[in-house]
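Note sheet for the following structure.
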Amino acid sequence: MDTTESGTILEAKVILPGQTVTEDADFMRGHGTFDSEGKLVASVAGLLERVNKLICVRPLNSRYTGDIGDVVVGRIVEVTANNWKVDINSRQHAILVISSINLKGGVRRRRTIADKLQMREYFVENDLIVAEVQKFYDDGVAFLQIRRGHGKLSNGLFLSAPPALIQRVSSHIVRLQCGVTVVLGNNGYIWITEPKDEEETEADVEDDPPQKTINLELREKIGRVRNCIIALKNNFLAIHPESIMEVYRASRKYEVKQLLEALVMEDIVKSLKKKR
């Protein structure tokens, strides 16, 4: 297995139930594995992950559980008297309270009753947002916060993938070399949009993202990136900026609409499959 100096796998590997993960007794058993006659064996189908001496298998078809500090893409499903409930592909809706968002000008002050009465001026049902997991309640509900550069999403395209396929990277909001910005939520929700300038990135929650007309060339790039991610997803390959761009480059010989054909998908991801 290819590893970094810290022992974390560089490229996730799909493991099947009953498959031997390792026979080395030095490794510790993690989630999704069990010990059988001195061997670590997978108990679920999923992606193999190793951190130092700990080995686990993340199930492919599981809900997002997450960690503190994760960047997530979510959909507002309910506005209550003092918070928003957000679908983040978890077993329970996450909570975003008004004290966890940036007010106009980045000011820090106590939220007032007037702020609560204006909650629908910030987010309403079906709004898509990008946020960060601040903590988890005892019952497993995620508590979100919106940092500078996060907030409401617009002028883009949404799709989802199994959370296990989203590889952890230093930044989950990335401008790709092709000129398209992707938000790779750790929860499996992905947003593809036009590149943002510094002014738009630093906007406050109260500033609604401007609705723009995206030109045909950029729309085609967004569509191509989307179909490349679907090809990675359908072939159970890790989704991260490098893998997206490798498939994107391989896809240039095809039209965007052709990328959803099974044989074409197989062709554009074959270089990544060889690296497994």
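Points to keep in mind about this one:
- Among the candidates D204, D197, the residue that is at negative phi, open to solvent by less than 30 Å² (accessible area, probe 1.4 Å) and at pLDDT below 90 is uniquely D204.
- With a requirement of 1 or more residues that are under 13 Å from C178 (Cα atoms), the helices (runs of 4 or more DSSP H) lying completely within segment 222-276 that satisfy it span 241-250.
- Annotation note: Cβ proximity below 7 Å between a residue of segment 80-94 that is in contact (Cβ under 8 Å) with a residue 40 or more places away in the chain and open to solvent by 40 Å² or more (accessible area, probe 1.4 Å) and a residue that is hydrophobic (A, V, I, L, M, F, W, C) and not in a loop (DSSP other than H, G, I, E, B) (sequence gap 6+ or interchain) occurs for H93/V77; H93/V86.
- Answer from I95, I173 - the residue that is at pLDDT 90 or above, among the hydrophobic types (A, V, I, L, M, F, W, C) and under 28 Å from I244 (Cα atoms): I173
- Enumeration of residues in segment 166-181 that are more than 14 Å from V72 (Cβ to Cβ) and in contact (Cβ under 8 Å) with a residue 60 or more places away in the chain: Q167, V169, V174, L176, Q177, C178
- Test for N155: is it out of contact with any Asp or Glu (no Cβ under 8 Å at 6 or more places or on another chain) and within 24 Å of N102 (Cα to Cα): no
- Test for I166: is it of a type in the set (V, I, T), in contact with a Gly (Cβ under 9 Å, 6 or more places away or on another chain) and either open to solvent by 30 Å² or more (accessible area, probe 1.4 Å) or modelled with pLDDT under 95 (or both): yes
- In this entry, R276 is excluded by the filter for residues that are at pLDDT 95 or above, open to solvent by 20 Å² or more (accessible area, probe 1.4 Å) and under 21 Å from I166 (Cβ atoms).
- Any hit, segment 123-133, residues being at pLDDT below 95 and small (G, A, S): no
Conditions tested, residue by residue: (1) within 12 Å of the chain's Cα centre (by Cα); (2) open to solvent by 20 Å² or more (accessible area, probe 1.4 Å).
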residue: R120; (1), (2): no, yes
residue: I129; (1), (2): no, no
residue: R147; (1), (2): no, yes
residue: F158; (1), (2): yes, yes
residue: A161; (1), (2): yes, no
residue: S171; (1), (2): yes, yes
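- Restricting segment 82-92 to residues that are of a type outside the set (D, E, K, R) and not in a loop (DSSP other than H, G, I, E, B) leaves a set whose member that is modelled with the lowest pLDDT is N83.
- Flag for E217 being under 22 Å from V256 (Cβ atoms), assigned to a helix (DSSP H, G or I) and either open to solvent by 30 Å² or more (accessible area, probe 1.4 Å) or modelled with pLDDT under 95 (or both): yes
- Residue within segment 101-113 that is aliphatic (A, V, I, L, M) and either within 23 Å of I214 (Cα to Cα) or at pLDDT 95 or above (or both) present: no
- Looking at segment 20-69, the strands (runs of 3 or more DSSP E) lying wholly inside it that each contain 1 or more residues that are open to solvent by 40 Å² or more (accessible area, probe 1.4 Å) and touching a residue at least 40 places away in the same chain (Cβ under 8 Å) sit at 46-51, 54-59.
The values are calculated or read from the model by the stated rules, or taken from the named source; none is laboratory data. Everything quoted here is computed from the prediction, not taken from an experiment. Every residue, glycine as well, gets a Cβ built from its backbone with ideal geometry; the counts of neighbours run over all protein chains shown. Note: accessible area is taken over every heavy atom of the protein model, side chains too, but ligands, DNA and RNA are not part of it. Shrake-Rupley method; radii C 1.70, N 1.55, O 1.52, S 1.80 Å.
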